[in-house]
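These notes concern the structure reproduced below.
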Amino acid sequence: MFRVHNPVRRWLASLVAAGVVAVGLVAVEPSPQVAQAAACTGTSGVTVVVDYGSLGGGVQVACALGDPATGLAALQGAGFTVTGTQRWGLAFVCRINGQPTAATEPCVNTPPVSAYWSYWHASGSGAAWTYSTSGATSYNPAPGTVEGWSFGSGAAPSITAP
């Protein structure tokens, strides 16, 4: 019969205990703030508007609570799923919530100028839309502002910033 020396047993026991502690730490990590399916109130977060245009689906408004670090984080934090291109990854948003479909746009390179997600900003409720000169991965929206995404040939979202 094989006997494990006491120091080896202690080492194994401490390794198992460390694993249990690490699992416990993961379990108590605070979860990300949950999105709201409406515009944010005041500076509670960044409001996100997604206008599906010719894709159907109308306009959706949601709130990314807190202070998302990027426009992409605001879009995802508001509960939208995002697909980038194979060539550029999430640096170029190709699909939002599965639109356009893979049959319409394979998302290999950038989509055509007549059918892409344009990115917009508004300083707050009722403010005019401004076309973004930065990509969504490098723009840092401030709480209380509005981010807009519009599918088509570069037109602003069809609603006033909520």
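Here are the numbers for the structure shown:
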quantity: Residue match in segment 105-116 (condition: at pLDDT 95 or above, under 19 Å from Tyr139 (Cβ atoms) and buried (at least 19 other Cβ atoms within 10 Å of the Cβ)); calculated: yes
quantity: Condition check for Ala136: assigned to a loop (DSSP other than H, G, I, E, B), farther than 20 Å from Ala38 by Cα and without any contact (Cβ under 8 Å) to a residue 24 or more places away in the chain; calculated: no
quantity: Among the candidates Gly79, Gly126, Gly154, residue that is part of a loop (DSSP other than H, G, I, E, B) and within 13 Å of the chain's Cα centre (by Cα); calculated: Gly79
quantity: Scope segment 46-88; condition surrounded by fewer than 23 Cβ atoms within 10 Å (Cβ to Cβ) and acidic (Asp, Glu); matching residues; calculated: Asp67
quantity: Filter pass, Pro68 being in a loop (DSSP other than H, G, I, E, B), modelled with pLDDT under 50, out of contact with any Ser or Thr (no Cβ under 8 Å at 6 or more places or on another chain) and closer than 19 Å to Pro143 by Cα; calculated: no
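The values are calculated or read from the model by the stated rules, or taken from the named source; none is laboratory data. Nothing here was measured: the structure is a model prediction, and the numbers come from that model. Neighbour counts run over all protein chains shown; Cβ positions are idealised from the backbone, glycine included.
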